[in-house]
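Here is the structure we will look at, set down as structure tokens.
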Amino acid sequence: MPVNDFFTAGGIVAWPLLAFSLATFTLVTERLAFWFRLKRRQRRVAKEVLKLYTSEPSMVISRLEQNADLPICRIFLAALDLENPNPEEFRLALESAAQAELPTLKRFSTVFETIIGVSPLLGLLGTILGLIRAFSSLKIGEISDGATTGVTGGISEALVSTVMGLVVAIFTLLFANMFRGFYLRELALIQEYGGQLELLYRLNYEQGERFYAPT
């Protein structure tokens, strides 16, 4: 079936479903680029920063600022920029900065959930509208080409709209679950490396060797 005929057969609900599919494609593309950049650099940079903190602490701030587009670097900067914090203040700064980064990691998750929930409902609405159209074309005791065409068109609208709603919802669900998995793994990584930085700072603080990089 040609694309134009497909959307014509889908009825009025085909157009919001088309808008949902375009929105999903755009947001998925943005999220894929975001997670590709994050997974390619963040773990490596975090390890480099922790290693640098133990050997050349004066270079840590500049290294973090060079990679300030990464959430882990912004979290570390929020704590290391404090002036002579005690370990508790340092920990609170790390936790607060980590919480502030969560919306960036979960960006568009609400949009994805909305599309996943609404698309099948729009498909169901199209199904009902199509069946109404099909039954409205039937007249008791009358069988004609016009009536047959109306019934066929109504059933086609009902089936096509259902398929479109399910396809959009399934496609969005697959990527939404993938991004949720990325988010959970990244959150674990932030907690891991944040804990390591906090431990290093606490050890230095207790030993009286407070390593602060110049701001």
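Values as computed for the structure displayed
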item: Stretch gain in nm, segment Ser109-Glu206, where the contour uses 0.36 nm per residue and the Cα spacing is subtracted; result: 30.7 nm
item: Inter-label distance, nm, simple model (7 Å from Cα along the C-beta direction), Thr54/Ala188; result: 2.3 nm
item: Efficiency of FRET between Leu199 and Leu121 - r from beta-carbon atoms, R0 30 angstrom, step 0.05; result: 0.05
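Rule-based calculations on the coordinates, nothing more; no lab input. No experiment lies behind these values; they were computed from the predicted model shown. Reconstructed Cβ throughout: ideal geometry from the backbone, glycine too, with neighbour counts over all protein chains shown.
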